[in-house]
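Asker: Sharing a structure with you now.
Every number in this text was worked out from the coordinates using simple rules, so none of it is lab data. Keep in mind it's a predicted model, so treat the numbers as computed, not measured. All Cβ positions, even for glycine, are placed from backbone atoms using ideal geometry, and neighbour counts span all protein chains on display.
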Amino acid sequence: MKKLILVMILCTFPAVALADEATARPHWSLELKGGEFIPDADNWSTYYGRRYTTEYGGSLAYKVTRRLEFGIEGLYLKANGQGFAPIHQTITGNVKYESAPLNVFVLARGLFSEEQWFVPYIGGGWTRMFYREEVNSQEVTRGSTDGYHARAGLQLSLDSIESSASRNMYDNYGIFHTYLFVEAEYIRAMADTTTSGSVNIGGTSWLGGLLFEF
């Protein structure tokens with residue numbers, strides 16, 4: 001009798017393993033992204049030579065479900081120009097402006113099948129905007145301010161395009177799915193200036209990158 005029970009228990013192990021494999025899903029997502037940031041500040045292109053500047057960053061999120069996740073995102077941008085300092089709100093000489101938005105977000109994905117090629121998503125949340133402004137012959141201004149952000153985008157699954165590479169990514173690194181994505185993000189964060197009240201140092205970002213689910 002004991003031997004029969006032992007055999008039955010051993011026979012259930014493969015079934016348990018298969019059940020675990022069937023229910024296995026990614027619990028984390030990592031984004032690496034870059035693109036263009038278009039500031040809300042007036043006359044930006046007049047003093048910085050173009051309407052936009054380069055921005056890059058990444059995010060890490062925990063997946064509560066396959067459709068809902070919470071995460072944190074960090075971005076960085078820098079611009080060098082002549083004539084105008086957004087925080088000082090003055091005409092000046094050479095100026096170097098840097099900002100680093102830190103976003104805490106919730107994101108919802110329109111995922112209905114693991115074989116789905118295109119996955120739309122929307123998200124938003126709280127923003128802490130860190131900034132630094134250096135003007136020739138003047139003191140450096142640095143600080144941070146609170147705000148909010150919203151974003152939306154579209155993810156393209158790369159799993160079906162190269163299935164063997166997808167299996168290797170899972171076997172070697174535990175990555176379930178890989179996506180190529182494009183998104184638009186808007187940030188509003190008001191900072192006090194030295195002359196004329198507050199100004200929005202946020203703006204609109206057009207970004208693209210890779211998403212890894214593991």
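Asker: So if I take the centroid of the Cα atoms in the stretch 94-166 and the same for the stretch 43-85, what is the distance between those two points in Å?
Answerer: 6 Å
Asker: Using 1/(1 + (r/R0)^6) with R0 = 41 angstrom and r between the beta carbons of residue 134 and residue 62, what's the FRET efficiency to the nearest 0.05?
Answerer: Details: r = 37 Å, r/R0 = 0.90.
Efficiency at R0 = 41 Å is approximately 0.65.
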